[in-house]
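The values are calculated or read from the model by the stated rules, or taken from the named source; none is laboratory data. As the structure is a prediction and not an experimental result, all values here were calculated from the model. Here Cβ is always computed from backbone atoms with ideal geometry, including for glycine, and neighbour counts include all displayed protein chains.
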Amino acid sequence: MEYDERLAHFRQTRLNPFDRGEEDYDPQDGKPAPEQEPRAELSGTGSSDRTMDLGLAEDHFSRPMGSCVDSDIEKLKLAIEECKKLILELPEHSEKQKDTVVKLIHLRLKLQELKDPEEDEPNLRILLEHRFSKEKSKSVKQTCDKCSAIIWGLIQTWYTCTGCYYRCHSKCLNLINKPCVRSKVSHQSEYELSICPEIGLDRQDYRCSECRTPVSLRGVPSEARQCDYTGQYYCTTCHWNDTAIIPARVIHNWEFEPRKVCRSSLRYLALMMPRPVLKLKEINPLLFNFVEELVEIRKLRQDILLMKPYFITCKEAMEARLLLQLQDRQHFVENDDMYSLQDLIDISSGRLSCSLTEIHTTFAKHIKLDCEKCQAKGFVCELCKEGDILFPFDSHTSVCQDCSAVFHRDCYYDNSTTCPKCTRMTGRQQDEPFDIQTR
């Protein structure tokens with residue numbers, strides 16, 4: 001009872017700081033002038049009594065011990081509703097309206113805090129192959145992928161899947177019905193290679209392809225949004241109008257304009273982007289006839305594969321870890337025909353050509369100039385027996401497909417006889433049975 005009397009006395013003797021004008025303060029000590037009466041609200045719609053009814057003058061952020069949480073929640077709800085009405089009544093873009101909006105935000109945050117009190121949440125949760133890790137960041141503003149509401153890190157606990165980066169409130173964890181996209185990437189590492197394979201909303205029974213919520217093209221009861229990657233329709237909860245580059249459009253049309261995709265497709269494409277799963281020779285071999293950059297990159301990759309045996313058998317190259325310069329594109333030292341979507345994007349922008357040319361120059365410099373052991377593994381053209389030492393990755397050379405001997409390109413194609421090295425090897429194989437019989 002003593003607390004209520006002191007609170008009432010405090011309300012009667014103090015004005016709401018949002019309602020004070022410059023004339024209400026004493027310039028010396030900053031206190032309100034004692035002889036002035038409290039002024040009414042702007043636009044003549046309220047008074048200082050109404051302000052106190054809103055709860056704006058009450059400190060909701062430091063309540064006494066033992067107070068009832070349920071009653072505080074009801075009071076905060078009433079204060080929020082009154083605050084909303086007051087914002088509509090105040091003049092637009094006025095200082096009082098801005099201050100009242102700030103106070104409304106604070107009241108809503110406090111209400112959310114009372115509804116979702118901080119609990120000892122586990123640091124790791126595993127649901128539907130998701131590995132949810134409890135986030136500790138408080139200043140980052142995120143959106144819950146389940147309820148589409150804002151995650152207020154200052155007062156709410158939230159989790160992020162370490163596999164597909166699915167984010168949600170702790171209270172939404174048990175409501176999740178979407179499995180982790182990373183599991184799909186692990187078991188089915190391939191793209192949809194048809195451009196927007198639409199089957200029609202009627203084939204989906206006018207329901208969201210993912211959560212089965214009723215949708216329609218007219219937006220009643222929910223708007224149907226098409227995913228350009230799958231061609232199917234989704235509700236506004238599963239499709240946020242995010243955009244991504246579509247692999248099928250890149251491969252068939254060399255088109256890199258981002259298109260609207262659903263949330264699950266967005267995560268799938270993001271996880272698949274660095275994976276080398278596109279074999280362009282089989283999917284669209286004509287692409288090399290129209291995109292010169294692809295031909296250039298293919299030649300650089302073929303040269304790097306020819307340089308790889310030199311580095312594997314060279315101690316200096318292994319100590320210098322030259323091949324680690326391609327650790328972000330490991331498939332470049334394994335084959336020359338597999339590409340990732342990120343490779344194609346970098347080829348289109350020109351970044352890959354510049355970086356790969358620089359690496360190619362570094363590798364060639366080590367083999368031909370810096371390392372004597374690698375230089376000793378060069379070839380002399382056995383057809384003309386002239387010129388400098390040849391290497392299989394030189395632009396003016398040709399390599400025998402059978403014995404890997406290196407010749408000048410002009411000498412190799414002008415000579416109508418077989419490869420000299422292959423001839424010697426064939427002669428040796430024929431002489432071995434004769435030597436065995438004579439013994």
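Looking for something over 27 Å from V295 (Cα atoms), in contact with an Asp or Glu (Cβ under 9 Å, 6 or more places away or on another chain) and of a type in the set (D, E, K, R) - is there at least one such residue anywhere in region 201-211? Lay out the reasoning, then the answer.
The initial filter retains those residues of region 201-211 that are over 27 Å from V295 (Cα atoms), namely 201-211.
Those left that are additionally in contact with an Asp or Glu (Cβ under 9 Å, 6 or more places away or on another chain): none.
No; the residues of region 201-211 include none that is over 27 Å from V295 (Cα atoms), in contact with an Asp or Glu (Cβ under 9 Å, 6 or more places away or on another chain) and of a type in the set (D, E, K, R).
Could you check how many residues of region 174-224 are over 30 Å from F256 (Cβ atoms), surrounded by 12 or more Cβ atoms within 10 Å (Cβ to Cβ) and either aliphatic (A, V, I, L, M) or touching a residue at least 40 places away in the same chain (Cβ under 8 Å) (or both)?
Adding up the residues that qualify gives 1.
Please enumerate the residues belonging to region 370-426 that are among the small types (G, A, S) and over 48 Å from the mean Cα position of the chain (by Cα). Quick ask: steps written out before the conclusion?
Narrowing region 370-426 to residues among the small types (G, A, S): 376, 378, 387, 395, 398, 404-405, 416.
Within region 370-426, G387, S416 meet the criteria.
Please state which of the following conditions Y229 fails to meet, knowing it meets all the rest: (1) in a loop (DSSP other than H, G, I, E, B); (2) of a type in the set (F, W, Y); (3) not assigned by TED's automatic domain parsing to the domain that holds S265.
Answer for Y229: the failing condition is (3).
Suppose we filter region 273-299 for residues that are hydrophobic (A, V, I, L, M, F, W, C), touching a residue at least 12 places away in the same chain (Cβ under 8 Å) and under 16 Å from S348 (Cα atoms); how many remain? Steps first, please.
The initial filter retains those residues of region 273-299 that are hydrophobic (A, V, I, L, M, F, W, C), namely 273, 277-278, 280, 283, 286-288, 290-291, 294-295, 297.
With touching a residue at least 12 places away in the same chain (Cβ under 8 Å) added as a condition, the list becomes 273, 277-278, 280, 283, 287, 290-291, 294, 297.
Right, trim to under 16 Å from S348 (Cα atoms) and you get 273, 278, 280, 287, 290-291, 294, 297.
Result for region 273-299: 8.
Scan region 205-226 residue by residue and report those that are under 26 Å from the mean Cα position of the chain (by Cα) and assigned to a strand (DSSP E or B).
Across region 205-226, the qualifying residues are E223, R225, Q226.
With region 314-398 as the region, which helices (runs of 4 or more DSSP H) entirely inside it contain at least 2 residues that are modelled with pLDDT of 90 or more, farther than 24 Å from K281 by Cα and of a type in the set (F, W, Y)? Give the steps one after another, and end with the answer.
Details: elements: 315-320, 341-349, 351-365, 372-375.
Fully inside region 314-398 and qualifying: nothing.
Inside region 259-298, can you point out the residues that are within 18 Å of A248 (Cβ to Cβ), polar (S, T, N, Q) and part of a helix (DSSP H, G or I)?
If the condition is that a residue be within 18 Å of A248 (Cβ to Cβ), polar (S, T, N, Q) and part of a helix (DSSP H, G or I), then S264, S265 are the ones that fit.
Within region 254-268, restricting attention to residues that are crowded, with 18+ Cβ neighbours inside 10 Å and among the hydrophobic types (A, V, I, L, M, F, W, C), which residue is farthest from N289 (Cα to Cα)?
Of everything passing the filter in region 254-268, C262 is farthest from N289 (Cα to Cα).
Among the candidates I359, I312, I347, I297, which residue alone is surrounded by fewer than 16 Cβ atoms within 10 Å (Cβ to Cβ) and not assigned by TED's automatic domain parsing to the domain that holds N253?
Details: I359 fails: surrounded by fewer than 16 Cβ atoms within 10 Å (Cβ to Cβ); I347 fails: surrounded by fewer than 16 Cβ atoms within 10 Å (Cβ to Cβ); I297 fails: surrounded by fewer than 16 Cβ atoms within 10 Å (Cβ to Cβ).
On inspection, the qualifying residue turns out to be I312.
When you check I126 against the structure, is it surrounded by fewer than 16 Cβ atoms within 10 Å (Cβ to Cβ) and of a type in the set (V, I, T), yes or no?
Details: surrounded by fewer than 16 Cβ atoms within 10 Å (Cβ to Cβ): yes; of a type in the set (V, I, T): yes.
Judged against the criteria, I126 is a match.
Considering each of L271, L287, L278 in turn, give the residue that is buried (at least 20 other Cβ atoms within 10 Å of the Cβ) and not polar (S, T, N, Q).
Values: L271 fails: buried (at least 20 other Cβ atoms within 10 Å of the Cβ); L287 fails: buried (at least 20 other Cβ atoms within 10 Å of the Cβ).
From the options L271, L287, L278, the qualifying one is L278.
Quick one: is D120 at pLDDT 85 or above, out of contact with any Gly (no Cβ under 6 Å at 6 or more places or on another chain), closer than 30 Å to S183 by Cβ and assigned to a loop (DSSP other than H, G, I, E, B)?
Details: at pLDDT 85 or above: no; out of contact with any Gly (no Cβ under 6 Å at 6 or more places or on another chain): yes; closer than 30 Å to S183 by Cβ: yes; assigned to a loop (DSSP other than H, G, I, E, B): yes.
Taking the combined requirement at face value, the residue does not satisfy it.
Does D414 satisfy the condition of being surrounded by 11 or more Cβ atoms within 10 Å (Cβ to Cβ) and not β-branched (V, I, T)? If you could, list the steps in order and put the result at the bottom.
Working: surrounded by 11 or more Cβ atoms within 10 Å (Cβ to Cβ): no; not β-branched (V, I, T): yes.
When the stated conditions are applied, D414 does not pass them.
When you scan region 364-372, do you find a residue that is among the basic types (K, R), under 20 Å from H396 (Cα atoms) and surrounded by 13 or more Cβ atoms within 10 Å (Cβ to Cβ), even just one? Walk me through how you get there before you give the answer.
Of all residues in region 364-372, those among the basic types (K, R) come to 365, 368.
Then keep just the ones that are under 20 Å from H396 (Cα atoms); that gives 365, 368.
Now restrict to residues that are surrounded by 13 or more Cβ atoms within 10 Å (Cβ to Cβ): 368.
The answer is yes, given that some residue of region 364-372 is among the basic types (K, R), under 20 Å from H396 (Cα atoms) and surrounded by 13 or more Cβ atoms within 10 Å (Cβ to Cβ).
Out of R259, R298, R267, R321, report the one residue that is within 30 Å of A376 (Cα to Cα) and in contact with a helix residue (DSSP H, G or I) (Cβ under 8 Å, 6 or more places away or on another chain).
Values: R259 fails: within 30 Å of A376 (Cα to Cα); R267 fails: within 30 Å of A376 (Cα to Cα); R321 fails: in contact with a helix residue (DSSP H, G or I) (Cβ under 8 Å, 6 or more places away or on another chain).
Criteria check complete, one pass: R298.
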